[in-house]
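Chemist: The structure follows.
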Amino acid sequence: MFTAQAEKSSINDRVNMGFRRNLTRPPVKGSPMSCGIILAAALLLSDPSVAEAAALPAVAADAPVSVAHEPLFADLVARSGSLKAIVDGWVASGEADADGFLSGGAFAGFKTQAADLAARDLQGHLVLKERGTDNDLKCILRGISEDMPRKVAAVETAPNAAERKVALEELAYLLNDNVEVITSPPHPAA
């Protein structure tokens, strides 16, 4: 008479005696695809921004990449923005019209910072050139690096307050361009 306990013991004996020794089981491989699908489904159901991002068209492999997040270019943006704020302050307050403004410490310090910014813009140009990028930013940075000293010199050589104001406004415009060309999203070549 067989009982459940006896049957269990009989099965264990067969397994231990090598009954299943010759059976080979295919190796179990992880299935990342199914885990990925489950994860994607969970994200789609939990966060609508993921679904929106997934709905965007794929980016081409040769699409231009923004450099605004890179330290050198982020520094250019910060320095340009800071210098533009100074120039805007001078224009708004009329401080540049004061006697001794051009020989004062504020303008001398600004001039040094503007020359440093121009050198860094040229460095940005050279970095992009070394990478082999063929885009407008490379050329614009070189142009800004060449124009910056000219715009500062135009402020210094302006014969009167009205022309100095125009020169300062043009300098502010150039500094703003320096920010915008770096931070604007890149466009693919036409």
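Any read-out appearing in this document is the output of simple, stated calculations on the displayed coordinates, not a laboratory observation. Not measured: the values here are computed from a predicted model. Here the Cβ positions follow ideal geometry from the backbone for every residue, glycine too, while neighbour counts run over all protein chains shown.
Chemist: Is the shape of segment 71-183 best called rounded, prolate or oblate, per the rule: a/c under 1.5 gives rounded, else a/b larger than b/c gives prolate, else oblate, with a ≥ b ≥ c the square roots of the Cα gyration tensor eigenvalues?
Modeler: Cα axes put segment 71-183 in the prolate bin.
Chemist: Assuming 0.36 nm per residue, please report the length gained on full extension of the stretch E180 to A74 beyond their Cα-Cα distance.
Modeler: Contour length minus the Cα-Cα distance gives 37.0 nm.
Chemist: Among T183, T157, which comes first, second and so on when ranked by fewest other beta-carbon atoms within 10 Å?
Modeler: T157, T183
Chemist: Order by neighbour count: I86, I144, fewest other Cβ atoms within 10 Å first, most last.
Modeler: Neighbour counts put them in this order, fewest first: I86, I144.
Chemist: Given a Förster distance of 25 Å, report the FRET efficiency between V127 and A106 from their Cβ-Cβ distance, rounded to the nearest 0.05.
Modeler: 0.20
Chemist: Further question on the same structure: Sort S145, S66 by Cβ crowding within 10 Å, fewest neighbours at the top.
Modeler: With the sparsest Cβ surroundings first, the list reads S66, S145.
Chemist: Using a basic spin-label model with each label point 7 Å from the Cα along Cα→Cβ, how many nm lie between T157 and E169?
Modeler: In this crude label model, T157 to E169 measures out at 2.1 nm.
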